[in-house]
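Colleague: To start, I am sharing the structure in question, which I have written as structure tokens.
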Amino acid sequence: MESDPLLVSGERSWCVDPDFSNQDRQQKARTGSYSSIASSGEARGPISEEPNGTVDENLYVNQAVVFIEDAIQYRSIDHRVDQNSLQLYRWYYADLCQWILNLTIFVNLALAFVEEPSSLTATSDVRYRAAAWEPPCGLTESVEGVTFLLFIVDLSVKSYLFGWTEFMKNKWLLGYLLVLAVSITDWTVSLCLMCREGVRIRRLLRPFFLLQNSSLMKKTLKCIKRTLPEMGSVLLLLALHLCLFTMFGMLLFAHAKGSKVDDEWLRYFRNLPDSLTSLLVLLTTANNPDVMIPAYSFHRLYSLFFIIFTVIGSLILMNLLTAIIYNQFRGYLMKSVQASLLRRRLGIRAAFEVLSFYREISSGGRDQAACVDSETFIKVLEKVKMDGYCKLAIIAQAKRVSGVIPAEIFQKLFDELDKDPIRQHPPRPVYQSRCLQILQIIGSHRYFDYLGNVVALANLISICVVLMVDAEKSGGDRDDFFLGAINCFFILYYVLEMALKVFSLGIKNYISYPSNIFDGILTFILLVLEIATFAIYSFPHPGWKPDVQGLMSLWEMVRLVNMFIVFRFLRIIPNMKVMALVAGTVLDLVKNLRAFAGILVVVYYVFAIIGIDLFKGVIPNPRNTSSFDEGSSNESLLCGSYEQLEYWPNNFDDFAAALVTLWNVMVVNNWQVFLEAYARYSSPWSKLYFVAWWIVSSVIWVNLFVALILENFIHKWDRSYRNSEALSPSQQVEYHMTVQLMFRGNLEEPTDEELLERLHHHPHLHLSR
């Protein structure tokens, strides 16, 4: 149901036969011309009337319900619309079925941690890693077989709901079928060979199941695909820049016996692969200034070569690549969001046409105007699965419309879907006593919150001072009295502050603010920890150094309390506008980053599996080699080498270790160490694997992530200043911006002609209007 909407130009008339008369129209209404047709295009026959000749209201209501739910979720409406298919469709998109499907995908992907080579060891360090438990043959294969059965059911349901004609047009469904067939074949081969096959192709195909199940991930992937040509031009320019400076460097630092600059040639420019690798790493500044020190020590002018290379490559071309990705990706993402808007408007218009046609045939075709009965619309809306506040708002507006709802108003009713929920706080309690009223004013005043922030800051500063004083002291010399007394005082204030706020606002009003919930939970935890400390070690007093009792020592208990106090200091964020804006951007990224995170998971998964197949076991255990000496130190090893830095846990011997290794390479700090080590232990061609990973992860994905951050922050910044006068300070940071709302002001509303023309090409729906 994730096929992109197709816009076809044409006239507004969208009936099968545009020249029918009004008499024919009424005749078609009586005979049930509104029908669901088979994917082959042949009519199934009238389904809009019951055997006694009355109109089947449930069919039209259910169709409208499904179309509205499609609009809410930005799904395509090009699916079967007969009664049985609608029941199957709603069952498929029910929370339970989608949860089972998501769990199946998760289990299928998670098998890589358990199957051979297993990641079930405490450490990935080849020196200390124990023998991992390997599951017996058939255990993980059985679980994988169950997931394949569920995927077959999923594909079968989708293919039925689409129809065979639409199924053959959908590349993702065809890919789903192909990947599933190859995976089952490879799974069968594994069982036949008793799990002794060398390569398991299906492991590389597992991420496809995650991709095909997410419409937003497909859109993001399409945006990345369309952005690649523009990125390719800059990458080609980077490659040219790298090659030219490589040749120039090899000429500049040529081998010359007896010359002091020969150290530069020996370490970094000995041959073409080493020269390319040295400058490629310098492009990421990971080996700066190490790569230029030998030549720079000989003559200061040699530094110009490396400075010019870094300025052109790192500061100009790499940042130009970021700018191009931001510009192109923003445009393509906005087009994708435009398509989502069209899906929403199309689903709503389809629901309107279905209900208006039902009204026409139920009234015998007497009313020629296209409209919907408000009572029928409310009946439909009560069955729709949507947010409660949206449903109540739409129903309230529909009740204010007398009698019938025309198309324009019908569409505007669903504008509530694009609005942010308005947070309404319960009323505060009313006290009769003047003293209680004054106390309530104090507890609910914003200056009381400011005082709480000042106290939290003072608490944090006091903890820092005590920790600095006791930093060099051992546990026996440390006096816990001061820190314990400080904590006792501040926690007492936090408890009184919470109690006063609950008294002033009321418990329901108090918990209606997320910041109060955050403060309340942490205050309760701090109170419980402090009471436990007093119960075990008594009250703080000079020389407070009792022996360890229970699970934790006194210092550990106090340290745990301090950790929560430091965490509680985050309460100041909502009260600082710029900081709240940045924090809101981070929260929105977490909420809207599922597509990007999913694609990153796919890339990590594929490269980790390839890395295991290529480099499993290539890093030897130094304890098993003759060159390893138990008494040797890092001083005898080459400085900056894999062995000297003790990078032994970074390997591809299991899936979890491969993921961490890929992360360390993506960060590009010291990634030249991995290039050199794996070239030495396996093959010089291994550098291609790591360079490909650097381009995909660090160059492409990280720049896309930066583009999303910039887009989100810029829109949130502009919106915060536009609303600064209209909203109160407490409301200015309480809105949430989805990807659709981010571009809402730049989107174009589809016209009626576009919507009707698109409905005219629906593969399973025909309306005789």
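The values are calculated or read from the model by the stated rules, or taken from the named source; none is laboratory data. Quick caveat: nothing in here was measured; it's all calculated off a predicted structure. Heads up, the Cβs are rebuilt from the backbone with ideal geometry, glycines too, and the neighbour counts pull from every protein chain shown. Remember, those area values only see protein heavy atoms, side chains included, never the ligands or the DNA or RNA. Shrake-Rupley method; radii C 1.70, N 1.55, O 1.52, S 1.80 Å.
Colleague: Extending each Cα 7 Å along its Cβ direction at K383 and A130, get the distance between those two points in nm, one decimal.
Modeller: Rounded to a tenth, the inter-label distance reads 5.9 nm.
Colleague: Please give the contour-minus-distance gain from E753 to T188: 0.36 nm per residue of separation, less the Cα-Cα distance, rounded to one decimal in nm. Display every interim value, and only then the final one.
Modeller: Working: separation 565, 0.36 × 565 = 203.40 nm, distance 5.21 nm.
Contour length minus Cα-Cα distance gives 198.2 nm.
Colleague: In what sequence, largest accessible area first, do M231, M468, M334 appear using a 1.4 Å probe? Working shown, then result.
Modeller: Values: M231 5, M468 150, M334 50 Å².
I get M468, M334, M231, largest accessible area first.
Colleague: Sticking with this one: For an R0 of 35 angstrom, estimate the FRET efficiency from the Cβ-Cβ distance between V691 and A181 and round to the nearest 0.05.
Modeller: Values: r = 33 Å, r/R0 = 0.95.
According to the calculation, E is roughly 0.60.
Colleague: I'd like to know which of L180, L211, G198 lies farthest towards the positive end of the charge dipole of the stretch 179-218, counting +1 on Cβ of Lys and Arg and -1 on Cβ of Asp and Glu.
Modeller: Farthest towards the positive end: L211.
Colleague: What order do V668, V430 take when sorted by accessible area (1.4 Å probe), most exposed first? Please list the in-between numbers first.
Modeller: Values: V668 25, V430 120 Å².
Listed by decreasing accessible area, they come as V430, V668.
Colleague: Further, regarding this structure: Which one of P426, L413, L381 has its Cα pushed farthest toward the positive end of the charge dipole of the stretch 376-438, where Lys and Arg give +1 and Asp and Glu give -1 at the Cβ?
Modeller: Among P426, L413, L381, the one farthest towards the positive end of the dipole of the stretch 376-438 is P426.
Colleague: Related question: Which of rounded, prolate, oblate describes the stretch 389-469, given a ≥ b ≥ c as roots of the alpha-carbon gyration tensor eigenvalues and a/c under 1.5 marking rounded, otherwise prolate only if a/b is larger than b/c? Don't skip to the end; give the middle numbers.
Modeller: Values: a/c = 6.95, a/b = 2.13, b/c = 3.26.
Oblate, because a/c is 1.5 or more while a/b does not exceed b/c.
Colleague: Taking the mean number of other Cβ atoms within 10 Å as a proxy for protection, how do you rank 404-411, 193-200 from highest to lowest?
Modeller: Listed from highest to lowest mean packing, they are 404-411, 193-200.
Colleague: Across the Cα atoms of the stretch 281-353, what radius of gyration and what greatest pairwise Cα-Cα distance (Dmax) are found, in Å?
Modeller: 24.4, 82
Colleague: Collect residues whose amide H, placed 1.01 Å from N in the peptide plane, falls under 5 Å from the amide H of L765; neighbours closer than 5 in sequence don't count.
Modeller: Residues meeting the criterion, in which the H sits 1.01 Å from N, are I37.
Colleague: Would you work out which of N170, L150, C97 lies farthest towards the positive end of the dipole of the stretch 94-188, given +1 charges on the beta-carbon of Lys and Arg and -1 on that of Asp and Glu, about the Cα centre?
Modeller: Comparing the listed Cα positions along the dipole, N170 ranks first.
Colleague: Please give the FRET efficiency for I709 paired with R446, using the beta carbon to beta carbon distance and R0 = 30 Å, rounded to the nearest 0.05. Before the final figure, lay out each step's value.
Modeller: Values: r = 31 Å, r/R0 = 1.03.
Step by step, r from the Cβ atoms, then E = 0.45.
Colleague: Right, another one. Could you sort I486, I105, I316 by their accessible area in this structure, using a 1.4 Å probe and putting the largest first?
Modeller: Result, largest first: I316, I486, I105.
Colleague: Rounded, prolate or oblate: which fits the stretch 100-150 when a ≥ b ≥ c are the square roots of the eigenvalues of the alpha-carbon gyration tensor, with rounded for a/c under 1.5 and prolate only if a/b beats b/c? Mind showing how you got there, number by number?
Modeller: Details: a/c = 4.84, a/b = 2.13, b/c = 2.27.
Oblate is the answer for the stretch 100-150, as a/c is 1.5 or above yet b/c matches or exceeds a/b.
Colleague: I've got another one for you. How large is the dipole of the stretch 112-220 about the Cα centre if only Lys and Arg carry +1 and Asp and Glu carry -1, each at its Cβ, rounded to the nearest 20 debye? Each step should come with its number before you reach the end.
Modeller: Numbers: 12 positive and 10 negative charges, 97 e Å.
Magnitude of the dipole: close to 460 debye.
Colleague: 7 Å from Cα along Cα→Cβ at both L439 and R300: what's the point-to-point distance in nm?
Modeller: Going by the 7 Å Cα→Cβ label model, 7.5 nm.
Colleague: Using only Cα atoms, figure out Rg for the stretch 216-339 and give it as a multiple of 2.2 N^0.38 Å.
Modeller: Details: Rg = 19.0 Å, N = 124, 2.2 N^0.38 = 13.7 Å.
Dividing the Cα Rg of the stretch 216-339 by 2.2 N^0.38 Å gives 1.38.
Colleague: What FRET efficiency comes out for the pair I395/V528, r = Cβ-Cβ distance, R0 = 41 Å, nearest 0.05?
Modeller: Numbers: r = 45 Å, r/R0 = 1.09.
Computed FRET efficiency for I395 and V528: 0.35.
Colleague: Taking the simple approach of a point 7 Å from Cα along Cα-to-Cβ for both Q87 and V465, what is their distance in nm?
Modeller: 7.4
Colleague: Treating only the Cβ of Lys, Arg, Asp and Glu as charged (+1, +1, -1, -1), what charge dipole size does the stretch 119-176 show about its Cα centre? Round to the nearest 20 debye. Please report the intermediate quantities before stating the final value.
Modeller: On the way: 5 positive and 6 negative charges, 44 e Å.
The calculation lands at about 220 debye.
Colleague: Give me the dipole magnitude in Debye, nearest 20, for the stretch 357-467 about the Cα centre, with unit charges on the beta carbon: positive for Lys and Arg, negative for Asp and Glu. Could you put the intermediate results ahead of the total?
Modeller: Numbers: 14 positive and 12 negative charges, 86 e Å.
Taking the Cα centre of the stretch 357-467 as origin, the dipole is about 420 debye.
Colleague: Work out, step by step, the length gained on full extension between N621 and S402: first 0.36 nm times the residue separation, then minus their alpha carbon distance; give nm to one decimal. Present the calculation step by step, with values, prior to reporting the outcome.
Modeller: Working: separation 219, 0.36 × 219 = 78.84 nm, distance 8.10 nm.
Stretched out fully, the N621 to S402 stretch lengthens by 70.7 nm.
Colleague: Note the full-extension length gain between A110 and L174 as 0.36 nm times their separation in residues minus their Cα-Cα distance, in nm to one decimal.
Modeller: Details: separation 64, 0.36 × 64 = 23.04 nm, distance 2.47 nm.
Extending this stretch completely gives an extra 20.6 nm.
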